[in-house]
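A.B. asks: Okay, handing you the structure first.
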Amino acid sequence: MTDKESSPKRKITISDLRCRRASLDRITMLTCYDAAFAALLDDCGVDVLLVGDSLGMVLQGHQSTIPVTIEDMAYHTRCVARGNSSAWIIGDMPFGSYQESPAQAYKNAAILMAAGAQMVKLEGGAWLAPTIKFLTERGIPVCGHLGLTPQSVHSLGGYKVQGRDESAANHLLADAKALESAGAQMLVLELIPSPLGQRVTDSLTIPTIGIGAGPHTTGQVLVLHDILDITPGRRPRFAKNFMHGQTSIRGAIARFIYEVKTGEYPAPEHGFSS
Ligand code: KIV
């Protein structure tokens, strides 16, 4: 009998993740798109697997996440769910699958939940509050996503740091509060100044998960292929190469977990100022 068979790891729940805010035990999240990596990341002890629509760029070779479909997301969510045993799984709602109405969002979120997601993630601010309320009242946990929202890359004028001036920062903070009030139970903050990451985190009771949002969020998320140095071209400044100094993928994942937990990552050079 292997150790895994004799003592299966307990499944992580949303209550566990909420408690991590109070205990200051940082949450580790990585993107994951298939069963093999799901089994490895889960075994290494990553808390949350995000089936991100970044798979459109990372796996499918698109220039943005916009072409990703709900069928693509359901397929990859099923693969991840088969490989995973204890991590919390978040499925990304792709572009065009939730913006139209709460009913449209429910129909597509239900597809991801049936595929094995335990929570869905939607990009956008206060305008999404009625949709988040609709989903959460019907038993679908929701993670918000503010700051650089990649599905809006063409409106934002590129992959740029958001919330840099006082008015944009105040707007983002108001959005974060609106999402929490509507029932969101977690919030991803992407590419914002580190002081704003702290301000938003301090103003909410739900866990915040940063990606290029500084060291003060409840947890950190990165794109798996970035930290394994597989992504072609220039890596964003916050996306540390965790393969550096490691001889295996397992070693790089373990290092990511260690550095997030100890606060070594993100270092000042991975963050942005106002
Ligand atoms: O799709 C994704 O991978 C994401 C992360 C960048 C947070 O949304």
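Where a number appears in this text, it was derived from the coordinates with a stated rule and is not lab data. Here the structure is a predicted model, which means the values were calculated and not measured. All Cβ positions, glycine included, derive from the backbone under ideal geometry; neighbour counts span all protein chains shown.
A.B. asks: Residues being among the polar types (S, T, N, Q) and assigned to a loop (DSSP other than H, G, I, E, B): count how many of those fall in the stretch 200-234.
C.D. replies: Looking only at the stretch 200-234, we keep the residues that are among the polar types (S, T, N, Q), and these are 201, 203, 205, 208, 217-218, 220, 231.
Filter again for assigned to a loop (DSSP other than H, G, I, E, B), leaving 205, 217-218, 231.
Qualifying residue count, the stretch 200-234: 4.
A.B. asks: Next question, about the same structure. Which residues, taken from the stretch 124-146, are farther than 19 Å from TRP88 by Cβ, touching a residue at least 12 places away in the same chain (Cβ under 8 Å) and not β-branched (Val, Ile, Thr)?
C.D. replies: Within the stretch 124-146, GLY124, GLY125, ALA126, LEU128, ALA129, PRO130, LYS133, PHE134, GLU137, ARG138, LEU146 meet the criteria.
A.B. asks: Which residues, counting only those in the stretch 17-73, are assigned to a loop (DSSP other than H, G, I, E, B), of a type outside the set (S, T, N, Q) and over 25 Å from GLY214 (Cβ atoms)?
C.D. replies: Selection gives TYR33, ASP34, LEU59, GLY61, HIS62, ILE66, PRO67, VAL68.
A.B. asks: Here is a further query. Has the stretch 152-166 got any residue that is within 16 Å of the chain's Cα centre (by Cα) and crowded, with 18+ Cβ neighbours inside 10 Å?
C.D. replies: Looking through the stretch 152-166, none of the residues is within 16 Å of the chain's Cα centre (by Cα) and crowded, with 18+ Cβ neighbours inside 10 Å.
A.B. asks: Here's a follow-up. Which residue pairs have Cβ atoms under 7 Å apart, sit 6 or more places apart or on different chains, and have a first residue in the stretch 151-162 that is touching a residue at least 12 places away in the same chain (Cβ under 8 Å) and a second that is surrounded by 10 or more Cβ atoms within 10 Å (Cβ to Cβ) and of a type in the set (S, T, N, Q)?
C.D. replies: Final answer for the pair search is GLN151/THR65; VAL153/SER64.
A.B. asks: Right, another one. Is it the case, given these coordinates, that LEU112 is under 29 Å from ASP175 (Cα atoms), crowded, with 21+ Cβ neighbours inside 10 Å and within 11 Å of the ligand (Cβ to nearest atom)?
C.D. replies: Answer is no for this residue.
A.B. asks: Among ILE192, ILE249, which is the only one that is within 27 Å of GLY56 (Cβ to Cβ) and either without any contact (Cβ under 8 Å) to a residue 60 or more places away in the chain or within 14 Å of the ligand (Cβ to nearest atom) (or both)?
C.D. replies: Criteria check complete, one pass: ILE192.
A.B. asks: Another question, then. Against the definition (surrounded by 24 or more Cβ atoms within 10 Å (Cβ to Cβ) and either away from the ligand (no atom under 14 Å from the Cβ) or of a type in the set (Phe, Trp, Tyr) (or both)), how does ALA22 come out, yes or no?
C.D. replies: It is false that ALA22 is surrounded by 24 or more Cβ atoms within 10 Å (Cβ to Cβ) and either away from the ligand (no atom under 14 Å from the Cβ) or of a type in the set (Phe, Trp, Tyr) (or both).
A.B. asks: Does THR28 qualify as being hydroxyl-bearing (Ser, Thr, Tyr) and more than 16 Å from the ligand (Cβ to nearest atom)?
C.D. replies: The answer is no for THR28.
A.B. asks: Just one of (1) under 16 Å from VAL46 (Cα atoms); (2) of a type in the set (A, V, I, L, M); (3) within 16 Å of the ligand (Cβ to nearest atom) trips up ILE257, so point out which.
C.D. replies: (3)
A.B. asks: I've got another one for you. Looking at ASP43, ASP53, ASP47, can you tell me which residue is closer than 29 Å to ASN241 by Cα and in contact with an Asp or Glu (Cβ under 7 Å, 6 or more places away or on another chain)?
C.D. replies: ASP53
A.B. asks: Let me ask something else about it. In the stretch 50-68, is there at least one residue being within 13 Å of the ligand (Cβ to nearest atom), touching a Gly at 6+ places or on another chain (Cβ under 6 Å) and touching a residue at least 60 places away in the same chain (Cβ under 8 Å)?
C.D. replies: So far as the stretch 50-68 goes, yes, one or more of its residues are within 13 Å of the ligand (Cβ to nearest atom), touching a Gly at 6+ places or on another chain (Cβ under 6 Å) and touching a residue at least 60 places away in the same chain (Cβ under 8 Å).
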